[in-house]
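Since the structure comes first, as structure tokens, the remarks are kept for the end.
The values are calculated or read from the model by the stated rules, or taken from the named source; none is laboratory data. The structure displayed is predicted, hence computed values, not measured ones. Cβ placement follows ideal geometry from the backbone for every residue including glycine, while neighbour counts extend to all protein chains displayed. Each accessible area value is taken on the protein alone, full model and side chains, heavy atoms only, with ligands, DNA and RNA left out. Shrake-Rupley method; radii C 1.70, N 1.55, O 1.52, S 1.80 Å.
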Amino acid sequence: MLNREQQKAVLTTEGPIRIIAGPGTGKTHTLFAKISYLIKEKGVKPEKILTIVTSNKAAHTLNKKLLDSKLPTIQALTFPGLAAKILRRNSDNEFKIITQKESSDLMDMILNADEKAEKKDVQMIREAMKHKSKRLINKANISEERLHEIITEFDEALAEKNGLDHAGLLTSLLELWSDKPVTAIACQNLYQYILVDNYHDLSAIQIEIVTRLSKTHENLCVVGDPDQTICSFRGAKTDTMSFFERQFPNAKSIALTKNYRNSDQILKGVEALISNNVGRLKKPIISTCQSNEKISLHKASNEEDQHHLISSIVAEQLKTHKPNEIAVITRGNSELKQIQEFLLKRGYPCQSSLSDSFWGKQEIIDFLDGIESLSHWTNIRNDQKFSHWIAEKIQKFIKAHQFSEAAISNLNQLVNCAKMHDHLPTTQALGIFLDESRTYHDADNLIFENKISIIDYQSVRGLEFPVVIVTDLDEDKLPHNKLKNEPYWLAEERRLLYVGMTRARESVHLITQTSPSRFLREISEENMKRSELSRVTISEINEVETVKSQMELF
């Protein structure tokens with residue numbers, strides 16, 4: 001069923017369309033319905049529909065819904081995936097896609113020992129430059145001159161490998177179109193309808209790609225919410241959705257206002273928070289969920305105490321929820337690792353959005369390299385499902401090596417990933433599968449079933465969970481001490497928390513330590529309740545109850 005606003009968004013198909021979709025307003029449901037309408041009612045060939053999404057996981061989810069509805073799949077791709085596909089078909093350059101893991105390892109080789117702690121910030125600065133961001137901010141404790149040296153050396157090392165990372169794929173695509181105008185025109189005729197999710201987080205280079213690709217038909221539908229813009233470090237702008245109407249004066253605009261995810265109490269809290277951002281595009285959001293549960297505020301005395309508190313909340317929630325219904329949201333790789341290790345030691349099944357937590361595992365990389373080499377010198381038959389072909393190769397690979405149980409479990413998970421391409425001939429599926437394995441987003445690491453997700457703000461976009469736990473809500477952490485004195489970046493920090501909290505369907509648990517974040521004051525005490533898990537309760541939690549909660553998982 002579609003509400004009136006969603007129905008209007010589905011039935012409006014021609015020309016540029018802007019859909020303002022706040023959190024929980026059913027944008028994924030609306031996009032799916034719109035694609036179904038184009039295929040079933042308007043008779044559009046599925047290969048003429050392109051949907052650009054933020055992760056391979058989102059693409060697979062969309063196509064699985066189409067297959068479950070007895071509809072053909074469409075081209076659902078990320079920006080790196082789209083660029084790789086076009087370059088493979090039209091470029092003379094036999095490039096190698098550099099994965100996030102390979103990129104990270106290469107950066108480790110370039111950085112000095114005392115600079116490695118700044119690696120993530122250096123990588124973000126380089127990515128922002130590639131995305132033509134005008135809002136560069138140096139959070140790394142490295143001089144501008146040294147940063148230039150590092151980035152130059154990194155780019156030269158990539159060139160020697162004939163490698164393209166995710167940003168390099170995008171710049172190479174634009175260079176291809178500039179060098180070969182005939183190819184650019186051919187690409188503009190590839191798709192009759194283009195839909196772009198999370199348009200608010202696009203960088204200048206991504207907007208340029210979409211604009212050029214849709215030039216022939218201009219049937220460009222963008223979906224987004226300025227309040228959820230959290231990729232300014234990569235060049236996103238909060239006025240991107242407003243600029244769309246200036247770019248396309250004939251654009252139709254539709255707003256989705258009914259929220260089907262968050263309780264009224266959660267919405268009141270996040271609206272009180274985000275209202276502190278000046279100059280925002282205001283929109284009404286109306287909750288359709290009935291719940292009187294307020295946002296829970298928990299106080300920990302230090303980092304270790306916070307970990308115990310997370311464990312206590314998890315133990316309590318597991319009495320009524322499955323592990324995969326719980327998410328712990330934090331920022332920074334070190335925090336992700338610490339929380340994951342702490343919960344794993346206590347027997348809780350976990351997965352994280354860390355870049356090496358699945359697709360960056362060595363056994364996964366080695367296997368994928370192996371089947372890529374195999375495809376170069378062996379004829380692959382198309383008379384069996386792709387997932388069956390992958391399963392056979394995995395078993396041979398496992399027999400030829402001595403792997404731990406964890407590594408074997410990881411390898412076998414590839415079969416589930418391969419099933420997403422079973423509707424394609426094996427040779428075609430293999431090429432797509434390999435490119436996807438190298439253009440993954442951190443959210444694509446969350447592939448296991450029934451595990452608690454420990455995830456960062458960037459990766460949690462588009463996801464939802466019944467229970468959300470948000471950590472480190474302290475001054476100098478959120479907002480970050482290097483960003484809190486700059487109005488633009490302070491607003492971005494506020495949007496991070498807004499995105500994190502609105503992932504929750506039922507309950508939100510906020511954790512602060514010694515210096516509560518200013519954002520907690522903005523949410524307002526009237527929208528929150530103090531945790532019943534007091535400091536004493538945390539330290540003296542009943543061990544039997546904890547063990548009981550864990551045992552029920554297995």
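What does the extension gain come out to for A272 and N382, with contour length at 0.36 nm per residue minus their alpha carbon separation?
Length gained between A272 and N382: 34.0 nm.
What whole-number distance in Å separates the alpha-carbon centres of region 490-514 and region 184-244?
Centre-to-centre (Cα) distance: 27 Å.
For the chain, what does the helix formula give at 222 nm: sum of -39500 (n - 2.57) over DSSP H segments with n ≥ 4, over the residue count, nearest 500 deg cm²/dmol?
Computed mean residue ellipticity for the chain: -14500 deg cm²/dmol.
Give the residue list of trypsin sites (Lys or Arg not before Pro) in region 353-419 that are DSSP loop and have at most 13 other beta-carbon atoms within 10 angstrom.
Hits after loop and neighbour filter: R381.
Can you give the local net charge around D264? Use residues other than it whose beta-carbon is closer than 12 angstrom to its beta-carbon, Lys and Arg +1, Asp and Glu -1.
Value of the local net charge: +1.
Roughly what would the spin-label model give for A113 and N90, points 7 Å off Cα along C-beta, in nm?
4.9
So how exposed is V278, as accessible area in Å² (1.4 Å probe, rounded to 10)?
For V278, solvent-accessible area is about 140 Å².
Taking Rh as the Kirkwood radius computed over C-alpha pairs, what is the Stokes-Einstein D of the chain at 20 °C in a medium of viscosity 1.002 mPa s, expressed in µm² per second?
Answer from the Stokes-Einstein relation: 87 µm²/s.
If you add up the charges near E149, with Lys and Arg at +1 and Asp and Glu at -1, over every other residue whose beta carbon is less than 13 angstrom from its beta carbon, what do you get?
-4
Just subtract the alpha-carbon distance of F403 and E156 from 0.36 nm times their residue separation and send over the number in nm, one decimal.
85.4 nm
So who's got an amide H within less than 5 Å of the one on T51, skipping anything under 5 residues away but keeping other chains? H placed 1.01 Å off N, in plane.
Amide H neighbours of T51, under 5 Å, 5+ apart: Q75, A76, L77, L195.
To the nearest 0.05, how large is the calculated FRET efficiency for L374 and E526 if R₀ is 60 Å and r is the Cβ-Cβ distance?
0.45
Sticking with the crude label model, points 7 Å out along Cα→Cβ, report the distance from V415 to K215 in nm, one decimal please.
Placing both labels 7 Å beyond Cα along the Cβ direction yields 4.8 nm.
Using the charge dipole of the chain (Lys, Arg: +1 at Cβ; Asp, Glu: -1 at Cβ; taken about the Cα centre), state which of S242, I469, A491 has its Cα farthest towards the positive end.
The residue sitting most towards the positive pole is S242.
Expressed as a fraction of 2.2 N^0.38 Å, the rule-of-thumb size for a compact globular protein of N residues, what is the C-alpha radius of gyration of region 1-63?
1.11
Mind checking the per residue accessible area of region 387-541 for me, 1.4 Å probe, whole number of Å²?
41
S143 accessible area, nearest 10 Å², 1.4 Å probe?
Looks like 70 Å² after rounding.
Leaving ligands, DNA and RNA out of it, report the carbon-plus-sulfur percent of the accessible area of the chain at a 1.4 Å probe.
50
What aspartates and glutamates sit close enough to K180 to cross-link, taking a C-alpha to C-alpha distance under 19 Å and skipping anything fewer than 8 places away on the same chain?
Answer for K180, where 19 Å is the Cα cut-off: D92, E94, E208, listed by chain and number.
What does the net charge come to around G15 if you take all other residues with beta carbon closer than 9 Å to its beta carbon, with K and R at +1 and D and E at -1?
The answer is -1.
Dipole magnitude of the chain about its Cα centre, charges +1 at Lys/Arg Cβ and -1 at Asp/Glu Cβ only, in debye to the nearest 20?
Charge dipole, the chain, about its Cα centre: 2160 debye, nearest 20.
Working out 0.36 nm times the residue gap between N302 and T514, then minus their Cα-Cα distance, what length gain in nm do you get to one decimal?
Going from the current span to full extension adds 75.6 nm.
State which entries of K34/K237; K57/K101; K116/K484 exceed 22 angstrom in Cα-Cα distance in the structure shown.
Too far apart for the 22 Å limit: K34/K237; K116/K484.
Placing unit charges on C-beta atoms (Lys and Arg positive, Asp and Glu negative, everything else neutral), compute the dipole magnitude of region 361-405 about its Cα centre in debye, rounded to 20.
In total the dipole reaches around 160 debye.
Longest segment of the chain with no GluC sites (Glu not before Pro) in a DSSP loop having at most 15 other Cβ atoms within 10 Å?
294-448
In region 287-373, if the dipole is taken from +1 on Lys/Arg beta carbons and -1 on Asp/Glu beta carbons about the Cα centre, which of F358, Q340, A300 is farthest to the positive end?
The residue sitting farthest along the positive end of the dipole is A300.
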